[in-house]
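This report concerns only the one structure given below.
Values quoted throughout were computed directly from the atomic coordinates according to the rules given, and no laboratory measurement underlies them. Computed from a predicted model, the values in this text were never measured in an experiment. Methodologically, a virtual Cβ is constructed for each residue, glycine included, from the backbone with ideal geometry; neighbour enumeration extends over all protein chains shown.
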Amino acid sequence: MNEEQRKHGQQAAGQEDKKTEKDYSKYFQSVYIPPSLKDAKKRGKESVQYHNDFKIDEKFRGMGDNKKFYIRTYGCQMNEHDTEVMAGIFMALGYEATNSTEDADVILLNTCAIRENAENKVFGELGHLKHLKREKPELLIGVCGCMSQEESVVNKILKTYHQVDMIFGTHNIHRLPNILNDAYMSKAMVVEVWSKEGDVIENLPKVRRGNIKAWVNIMYGCDKFCTYCIVPYTRGKERSRRPEEIIQEVRHLASQGYQEVTLLGQNVNAYGKDIEDLENYGLGDLMDELRKIDIPRIRFTTSHPRDFDDHLIEVLAKKGNLVEHIHLPVQSGSSAVLKIMARKYTRERFLELVGKIKAAMPDTALTTDIIVGYPNETEEQFEETLSLYREVGFESAYTYIYSPREGTPAAKMNDNVPMEVKRERLQRLNKLVNEYSAEALKQYEGKIVEVLVEGESKKNPEILAGYTRRNKLVNFKAPKTTIGKTVKVKITDTKSWSLNGEFVEEGRIGSEFLEEAAEVK
Ligand code: SAH
Ligand code: SF4
Ligand code: F3S
């Protein structure tokens, strides 16, 4: 064990007094640092250290020569971006990418723990991979991401999924070379999960999935501890990257020709609060600097309503490359439910915030996340969610049935809402969401919009597809040379989830619509 592992191993050793299902450590000749949700809950006062010294150890160079890797990602954009970093590390080790599990010498499942069905998918996939491992015993199979941070998952894999060779978590992906090396050297499963977040490492290699849109982390972790949510346990405490690093990364992406950047964090509105030497520096200040960079579009996700401040609204209203779309998860329209969720705002406060946003930016599209069937949610409380949806006029929403997550406070609550009722509520909510989405799209008929062309449509290679500033999908015919560029498209008709249109010309509008159709042609 090296110093870094020892530090995190001690956290795990802290659970000695804990009655774990079974102590598997005796089976291990190699690294065994299992997770502990109890440790993951702790929030230390120590300040975040920033490192710029990541490098691949000489002894690992060439580890991947003539070998291929495959990574399947199950989670949010944060997980997608972690996959880009792991792909970067694989390439630096000499591996080649493949998109077929059959061809791969190493398969990683980058998992998500947010709801039970996300977890079930991973266990299903591990079942399929068992056959592959039998045919090709030298294949390495790894499980990483948020599920690895849960002790119940690690125990289940140790007990039942012996085809797995390595388990590591979200805080130590920079140790991938060492973990791979340990897995090659050892017959036992390598388990290295840190329950305490690590420092911020700035110079990890990345292989981005595309060359048009890019993700940029602005912060890691979450300290909000909404009572239903596993993320604060799987991602550790809030740690902001320094503004100068973010600005430099966005500038670099712009110089490479990227057209759009999405700033990532679980709660981007808390950005900067943890940087000690920057007083009162927040997301608004960061956005105010980023808007000066010559890149057509900047988005951010996800906003927590509680920390959404007036300065941010003021800056977003300056538009330019700051697009007219805010994803603002509300979760419920009932103040009583919001209170049990520990969201720390009421229905009224949320509506007040929406009022401010609309007053400053009338053309901004709002989208949201909603959970139905929270423990003991009454019919009236659910109806408050429907009425809030109407009152705000959200353009779209991700909707979920509440899923209990072991280790969170909500999982311990009694729940008197039967599953059929939850399903029925979800259906009613989805019906409303669909009506509002269709209505939002209807407004586009005949308008000329700005579209960032991303490539051929999935269904028909003759047709190109891209998104507007408000994130509406548009399909249209245009020369392939427009891929990666911003173009003007006249909307001819609307589908349930997308818009069809005719290509007008290349160029930016700088807002969602062209005010006067006569301005073109
Ligand atoms: N940090 C983001 C949310 C990330 S998780 C935020 O606070 O806005 C994405 C969404 O998953 C959440 O907004 C919530 O709607 C949903 N979600 C989280 N935990 C869940 C659970 N236990 N059951 C059902 N949905 C959940
Ligand atoms: Fe989860 Fe709440 Fe943090 Fe979002 S803000 S990641 S819902 S705890
Ligand atoms: Fe899932 Fe982890 Fe993201 S739980 S939603 S992958 S932060």
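Distance between the C-alpha centers of the stretch 369-401 and the stretch 425-483? Whole Å please.
Value for the Cα centre distance between the two parts: 25 Å.
Placing unit charges on C-beta atoms (Lys and Arg positive, Asp and Glu negative, everything else neutral), compute the dipole magnitude of the stretch 166-252 about its Cα centre in debye, rounded to 20. Present the calculation step by step, with values, prior to reporting the outcome.
Details: 14 positive and 10 negative charges, 60 e Å.
Roughly 280 debye, rounded to the nearest 20.
What Cys residues in the chain have no fellow cysteine's beta-carbon under 4.7 angstrom?
76, 112, 144, 146, 222
Counting only DSSP beta bridges with both residues in the chain, what percent are antiparallel, rounded to the nearest 5? Numbers along the way, then the final one.
On the way: 23 of 71 bridges.
Taking every DSSP beta bridge within the chain, about 30 percent pair in antiparallel fashion.
Please determine, in degrees from 0 to 90 and to the nearest 10, the orientation of helix 419-442 with respect to the longest principal axis defined by the Cα atoms of the chain, where the helix direction is its Cα long axis.
So the inclination is approximately 40 degrees.
Assuming a viscosity of 1.306 mPa s and a temperature of 10 °C, what translational diffusion coefficient in µm² per second does Stokes-Einstein assign to the chain, Rh being the Kirkwood radius over Cα pairs?
Numbers: Rh = 24.6 Å.
Translational D for this selection: 65 µm²/s.
With charges set only on the Cβ (+1 for Lys and Arg, -1 for Asp and Glu), what does the dipole of the chain come to about its Cα centre, in debye to the nearest 20? If you can, show how the numbers build up before the last one.
Values: 77 positive and 81 negative charges, 178 e Å.
The dipole magnitude comes to about 860 debye.
By counting other Cβ atoms within 10 Å of each Cβ, how are 147, 166, 185 ranked from fewest to most? Each step should come with its number before you reach the end.
Numbers: 147 30, 166 25, 185 10.
Ascending Cβ contact count within 10 Å gives the list 185, 166, 147.
Among 99, 290, 248, whose Cα lies farthest out toward the positive end of the dipole of the chain, if unit charges sit on the beta carbon of Lys, Arg (+1) and Asp, Glu (-1)?
It is 99, whose Cα lies furthest towards the positive end.
Quick check on the stretch 448-519: of the DSSP beta bridges with both residues there, what percent are antiparallel, nearest 5%?
Numbers: 21 of 26 bridges.
Looking only at bridges with both residues in the stretch 448-519, the antiparallel portion is about 80 percent.
Per residue and in Å³, how big is the convex hull formed by the alpha-carbon atoms of the stretch 391-452? Could the numbers behind the result be given before it?
Numbers: hull volume 9.1 nm³, N = 62.
Roughly 147 Å³ of hull volume per residue.
Angle between the Cα long axis of helix 243-255 and the longest principal axis of the chain, 0 to 90 degrees, nearest 10?
With both axes taken from Cα atoms, the answer is about 70 degrees.
Indicate, rounded to the nearest 5 percent, the antiparallel portion of the DSSP beta bridges found entirely in the stretch 210-441. Write out the running numbers ahead of the final one.
Values: 2 of 23 bridges.
That works out to approximately 10 percent antiparallel.
Do any of 273/358; 41/339; 213/480; 319/459; 121/196 go past 24 Å between their Cα atoms, and which? Before the final figure, lay out each step's value.
On the way: 273/358 26 Å; 41/339 20 Å; 213/480 17 Å; 319/459 33 Å; 121/196 26 Å.
Check vs 24 Å cut-off fails for 273/358; 319/459; 121/196.
Please get the size of the charge dipole for the stretch 369-521, origin at its Cα centre, with Cβ charges of +1 on Lys and Arg and -1 on Asp and Glu, quoted in debye to the nearest 20.
Working: 23 positive and 27 negative charges, 125 e Å.
It works out to roughly 600 debye.
Compute the Rg to Rh ratio over the stretch 424-521 from the alpha carbon atoms, using the Kirkwood formula for Rh, and round to two decimal places.
Values: Rg = 14.2 Å, Rh = 13.8 Å.
Taking Rg over the Kirkwood Rh, I get 1.03.
Relative contact order (percent) for the stretch 349-439, with alpha-carbon contacts under 8 angstrom and 6 or more residues of separation? Present the calculation step by step, with values, prior to reporting the outcome.
Working: 86 pairs, mean separation 32.4, N = 91.
Computed value for the stretch 349-439: 36 percent relative contact order.
Between the stretch 290-340 and the stretch 92-134, what's the alpha-carbon centroid distance in Å?
Using only Cα atoms, the two centres lie 34 Å from each other.
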